[in-house]
Ligand SMILES: Nc1ncnc2c1ncn2[C@@H]1O[C@H](COP(=O)(O)OP(=O)(O)OP(=O)(O)O)[C@@H](O)[C@H]1O
Ligand SMILES: [Mg+2]
């Protein structure tokens, strides 16, 4: 009798060990990428939507989140009408599967809505609920790409600080560059930032202009902040991008061969594979923090 009980116990232990080993080996967390800018209207949403689409088209699982509290940019750009958003999940009215909706191709969308604002007032119970729900998709996606609003607000800084990869978008205009520097300085001052910091120069006249602008910007960051910032790429100024928005489709889907599309696909590849010539800087191999940890961090930082 005793022998049989021991054997059963041993079998159960072995199964448990096997499951634990499998979980350890295969559980890859979601990489969280946050897109922001100092100045508004520089192309954050355009770039967020298109690089999310590009990464998804390359066979990775991608979820795109709209964290702009102002206008629901992504909804408009993709012509979707979400019924529920993060707010309903924080309030306990809806689960993650009720608020996550399909976008173009295999891309999935999480509408932030007023839930982003609500993160500042969240109580312990709500936070637990949020983390449990969000935890359900952690690892199910390879990438979570988050589009934020512009400027140095508490929310935007918290999102950037908690990210695995923080991308700052600027145009070559001096005002946009000054504001981009401002946001980088704020992020840099916070010791808690452990992610990668990247720059994208949008609306350039040529690749050469993008490289030149980024090089100068990088020098300023090195000189005054002693911080390296890697150029993820630049995107040419393309009037057709406005047309794409009217059609409520990602630009790279309507004009896949356009230079701006090629630029955005190249940015997507650099995010996935690392920036050429930046071996010391790239931390693509560094394990991702995951969505649950990300939300834990932001709710802590915002409060
Ligand atoms: N490379 C580009 N070439 C031409 N037009 C562009 C380009 N990128 C963005 N735009 C245009 O710039 C405008 C602003 O773009 P978008 O909404 O993506 O900016 P944003 O930074 O998300 O703005 P906001 O700060 O309001 O959220 C849009 O009309 C868009 O069509
Ligand atoms: Mg936007």
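Each value in this text was obtained by applying a stated rule to the coordinates, not by laboratory testing. Note that the coordinates shown come from a computational prediction; the quantities given were computed from them, not determined experimentally. Glycine also receives a Cβ, built like all others from the backbone with ideal geometry; neighbour counts cover every protein chain displayed.
Arranged from highest to lowest average of other beta-carbon atoms within 10 Å per residue, in what order do the peptides 47-53, 37-43, 63-69, 238-244 appear?
47-53, 63-69, 37-43, 238-244
Pull up the DSSP beta bridges for the stretch 29-302 and report the antiparallel fraction as a percent, rounded to 5.
Antiparallel bridges: around 5 percent, rounded to the nearest 5.
Kindly express, to the nearest 10 degrees and within the range 0 to 90, the angle between helix 124-135's C-alpha long axis and the longest C-alpha principal axis of the chain.
Helix 124-135 sits roughly 80 degrees off the main axis of the chain.
Round to the nearest 10 and give me the degree value, 0 to 90, for the angle of helix 44-57's Cα axis relative to the longest principal axis of the chain.
On a 0 to 90 degree scale, this one is about 50.
Could you work out the helix-only [θ] at 222 nm for the chain, with each DSSP H run of four or more residues adding -39,500 (n - 2.57) and the total divided by the number of residues, to the nearest 500 deg cm²/dmol?
-14500 deg cm²/dmol
Nearest 10 degrees, 0 to 90: what angle lies between the long axis of helix 259-273 and the longest principal axis of the chain (Cα atoms)?
Relative to the chain, helix 259-273 is tipped by roughly 40 degrees.
Could you work out the percent of alpha carbon pairs in the chain separated by over 23 Å, rounded to a whole number?
The proportion of pairs with Cα distances above 23 Å equals 56 percent.
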